[in-house]
Structures are given as C-alpha cells and as structure tokens.
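Student: Below you'll find the structure I mean.
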Amino acid sequence: MNYIYSEVTKANNFYGNTDPVHLAEKFGTPLYVYNENILRERCRDLKGLIDYKNFFVNYSPKANSNVELLKIVRSEGLRVDAMSPGEIYVNQLAGFTPDEIFYISNNVSAEEMQFAIDAGVRISVDSVSQLEMYGRLNPGGRVAFRLNPGGTGAGHHKKVVTAGKKTKFGIEMQFLPEVKRILKEYNLTLMGINQHIGSLFMTGEAYVDSAKTLLEVAKQFDTIEFLDMGGGFGIPYKKQDGEPRLNLKDLGEHLSETINAWVKEYGREIEFKIEPGRYIAAECSVVLGEVHTVKENYDLKYVGTDLGFNVLIRPAMYDSHHDIEIYRPSDIPSKGMEHVRIVGNICETGDIIAKDRLLPQILEKDILGVLDSGAYGYTMSSNYNNRLRPAEVLIESNGGYRLIRRRDTLEDLVRNFV
Ligand code: LLP
C-alpha cells in the first residue's frame, strides 16, 4: 500500500503494526479504528489539569461509549457521567460502580428517574419540576442540580451551546429560592451542583468565568460535596493546517487558583470535577471509507465513498471540519492536487463529509481516513437508508489490533419487527 497523504497518522504511529489498507480489506469499510495509546494519553492530560487533591475527571460517554474504550478510560482512573438509562447500563458493563456514575438527567420520565435511583448512582436534575419529581420518588435523598450560569456559553455551533438565554438546559439563578423550598419540603440534601456551558472551546475564558459563577452560587448551600464544571474542552480539527492545541497548562493554572481560594473561604474540602467527552475520545479514532466513484458534476469533482452521514454526521449536522487522509492499495501515483467534494452514499444532497478540499488526486479504490472521528462519531451513527452501522477496531498499546464491535448485519435491521 502507499501512504499518499497521511502526515498526521504517520507522526503518531496511529496504525501500530498494521496499515489502513490491510484493515479495510480484513474488516471492510466503513470502519472505525481506535488507537489505545492516544486514548490513554488524553485521559492523562486531563487528570493532571487541576492542582487540587479531590479533583476528578468524569468522562462523558455520549462522545463514545464502546465498552472496550470505557474499560480503558476506567483503567486510567476516570469516572463517568450518564445521560440515559442506556448509558448507566453500559457504564456498569464496563465496570464503573454506582458511586462512579453521575446521571445528568434532562426531561426524564418518572420511570427513568426511578431506574437511576434504583441503580444507586448520583443524580442531577435539570429543572425545578424534575427536582420535585425526584423529591416525590426519593424523599430524604441526596441530589444535585444543573445550573444555567447565564453568560453566552461556549461551543463550535449554536446547536451545542448549553448555557445562557438560548438553551433548554439548567436552572437559572432566579429560581434558586424555589430549589431551596423543594429541598426543604422533601427533606433532600443538596450534594452538588453541575453545569456544562457548551461543546468545544479553544480558549478557556468563558469556562473559567462560568466556573466562578458556579462557585459563587455554591456558597449559598452548606451541604455541597462536589462541584462539576462541565466539559467542552476542544481539540484541533485542522491538524493538517497546524492548528494549535488548547492551552491546558494555562487553563489549569487559572482553575487551580480559583478553586483553592474558594475552598479556603468555604472552609471545607469538597470534590471538583470536569466532564470532558470530545477531548478524551475524538483524536484516538480515524474512520476509514472506500472511494467507489470519482465523477464530475457541473464543474465540481465529486469523490463518492461509503462514508455517508449515517457513519459520521458531524459535517452534515454542524458543518464540522475533519481532516482527510488518503491511502492507496495500488502503486499508481496521484497527478497533482485537485479541488474535490467528498460525499457519501446517502440519498441527500447534504451528504457531504468534506466540502471543498484541495487534496492529492484521489482514485477509485483509495481508502480515505477521516481524522478525529472518535467523539460523536459512532455514537451518532444510524441505520438511515437501512445502511449497516460500521465495525470498530482497536489498535492496542502493543501495536496489534482486535475487533471491538462487529458491523451490523441485515438481520440487525429487522430484529425489532413484530
Ligand atoms: N456534560 C454534559 C452535560 C454534556 O451535555 C456534554 C456534551 C458533555 C459533558 C461533554 O461535552 P464535550 O466535552 O464532549 O464537549 N454532537 C456534538 C457535541 C454535543 C455535545 C453534547 N453534550 C458534536 O459532535 O460536536
């Protein structure tokens, strides 16, 4: 095979002892490939973020919940959050104990809330009304709530900004007296407050500012055991253009200073948490697809692949950028650079994986690698057009590989028909 355009994965020895063309031949495409070393490295980056002894990283498995990856994350000493009974279930399957799981509920039914209570996990509610529901179901219990700290939030797209005036999330400040009333009415103990201001920031100002708001609000409650500042830590998606990384050292120093000063004033040690999804999972994966067609339509060159938005929806849903690499099974060289639009095999015009890119000439049968696809890749994949969700392979620390999820089968598509 020939590495036509592959600087990023070459630099971090992404494929270990194997190569992407071999993996594509053996397991078929589309195929999510994960690198264990990178996943572990990202866990360690964030574990060292804050200089405070009761600091914990809660990984957010909505980014990626493959059980084998969760086991690795757990072995690095991280805990997890959960957004649904399904996430609680899979987290437990990976070995997380109830006290290591933080259920951040949003508009849940009484049945779902009861599921979480029975599972014994820590629970946060997202509205005054759901706090009341919790109180009815579990009077005398310990609970947390999600704060909407106001401000402008943060995020790479308006659909993922989760603080401020334009979001459904959290309890705004003016309802805190109501929170206190319900806590009292049902004899509940407020054990923590959490927030999450949005997904993907590359500078930390908004995060630090909103953390300060959270700390201010927490002073009103004397039973706090933990404060959770949320996720949102960004990764550079434009590595081929040399995009710099988020400056964790700087951010960590600001947060450490703020937290240590607060603890002194509060007069008691509590736990502090962050809740990263993308930062942990995005960069450890490349999704591979095969080029089936190269064609021209009204002066635009289309590269037609099996990487439809059923496989990776981020470009179609948020106009997100993912770098593309090119690997070639044959010895044929590329004839120069070309502007291309890389598309999938789904029956929608918006089925675009890479909009207009200047890349070495791509040939039919090439294998393309879509970088940084480990977060919100497989977890947001679907069977749209009755396509099969991809298989997943792990490149282990020793350079070997193993299948960690099989591809869907046609039978999977009809399994729930009655
Ligand atoms: N905590 C809560 C309560 C969240 O809602 C989220 C993400 C996280 C933590 C983790 O955020 P992260 O560290 O991954 O930014 N599908 C979108 C991102 C949606 C984020 C949803 N909530 C994307 O592909 O960009």
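The values are calculated or read from the model by the stated rules, or taken from the named source; none is laboratory data. As the structure is a computational prediction, the values presented were derived from the model and not from experiment. Here the Cβ is made from the backbone with ideal geometry for all residues, glycine too, and neighbour counts use every protein chain on show.
Student: Among the residues that make up the stretch 200-207, is at least one of them in contact (Cβ under 8 Å) with a residue 60 or more places away in the chain and within 12 Å of the ligand (Cβ to nearest atom)?
Tutor: Yes, some residue in the stretch 200-207 is in contact (Cβ under 8 Å) with a residue 60 or more places away in the chain and within 12 Å of the ligand (Cβ to nearest atom).
Student: Can you tell me which residue within the stretch 140-194, out of those that are of a type in the set (Lys, Arg) and within 21 Å of the chain's Cα centre (by Cα), is surrounded by the most Cβ atoms within 10 Å (Cβ to Cβ)?
Tutor: Only one residue tops the list, namely Arg146.
Student: Exactly one of (1) touching a residue at least 12 places away in the same chain (Cβ under 8 Å); (2) within 16 Å of the ligand (Cβ to nearest atom) is unmet by Ala218. Its number?
Tutor: Only one criterion is unmet by Ala218, namely (2).
Student: So which residues in the stretch 362-380 are out of contact with any helix residue (DSSP H, G or I) (no Cβ under 7 Å at 6 or more places or on another chain), crowded, with 18+ Cβ neighbours inside 10 Å and of a type outside the set (A, V, I, L, M), if there are any at all?
Tutor: Within the stretch 362-380, Asp366, Ser373, Gly377, Tyr378 qualify.
Student: From the set of residues in the stretch 317-329 that are among the aliphatic types (A, V, I, L, M) and more than 11 Å from the ligand (Cβ to nearest atom), which is farthest from the chain's Cα centre (by Cα)?
Tutor: Ile326
Student: Determine if the stretch 282-290 includes at least one residue that is within 16 Å of the ligand (Cβ to nearest atom), in contact with a strand residue (DSSP E or B) (Cβ under 8 Å, 6 or more places away or on another chain), among the hydroxyl-bearing types (Ser, Thr, Tyr) and over 30 Å from Thr223 (Cβ atoms).
Tutor: Yes, the stretch 282-290 contains at least one residue that is within 16 Å of the ligand (Cβ to nearest atom), in contact with a strand residue (DSSP E or B) (Cβ under 8 Å, 6 or more places away or on another chain), among the hydroxyl-bearing types (Ser, Thr, Tyr) and over 30 Å from Thr223 (Cβ atoms).
Student: Shifting gears a bit: Could you tell me which of the residues Lys264, Lys212, Lys273 is touching an Asp or Glu at 6+ places or on another chain (Cβ under 9 Å) and either within 13 Å of the ligand (Cβ to nearest atom) or at negative phi (or both)?
Tutor: Sole residue among the options that is touching an Asp or Glu at 6+ places or on another chain (Cβ under 9 Å) and either within 13 Å of the ligand (Cβ to nearest atom) or at negative phi (or both): Lys273.
Student: Here's something else I'd like to know. Which of the following residues is part of a loop (DSSP other than H, G, I, E, B), buried (at least 19 other Cβ atoms within 10 Å of the Cβ) and more than 15 Å from the ligand (Cβ to nearest atom): Ile72, Ile50?
Tutor: After applying the criteria, what remains is Ile50.
Student: Now, a different point. Return the residue satisfying two criteria in turn: it lies in the stretch 374-387 and is under 27 Å from Tyr5 (Cβ atoms) and out of contact with any Phe, Trp or Tyr (no Cβ under 7 Å at 6 or more places or on another chain), and of such residues it is farthest from the ligand (Cβ to nearest atom).
Tutor: By that ranking, first place goes to Arg387.
Student: Go over the candidates Ile270, Ile326, Ile332 one by one and state the one that is in the same structural domain as Ile235 (by TED's automatic domain parsing), touching a residue at least 24 places away in the same chain (Cβ under 8 Å) and not charged (D, E, K, R).
Tutor: Ile270
Student: Moving on to the next point. Out of Lys184, Lys159, Lys180, Lys168, which single residue is outside any loop (DSSP other than H, G, I, E, B) and over 16 Å from Glu132 (Cβ atoms)?
Tutor: Every option except Lys159 fails the conditions.
Student: Sticking with this structure for a sec: Within the stretch 109-119, does at least one residue satisfy the condition of being within 23 Å of Glu269 (Cβ to Cβ) and either touching a residue at least 24 places away in the same chain (Cβ under 8 Å) or not in a helix (DSSP H, G or I) (or both)?
Tutor: The answer is no, given that none of the residues of the stretch 109-119 is within 23 Å of Glu269 (Cβ to Cβ) and either touching a residue at least 24 places away in the same chain (Cβ under 8 Å) or not in a helix (DSSP H, G or I) (or both).
Student: Moving on to the next point. State which residue is surrounded by the most Cβ atoms within 10 Å (Cβ to Cβ) when the search covers only the stretch 268-315 and only residues that are hydroxyl-bearing (Ser, Thr, Tyr) and within 24 Å of Pro20 (Cα to Cα).
Tutor: Per the criteria, the residue is Ser285.
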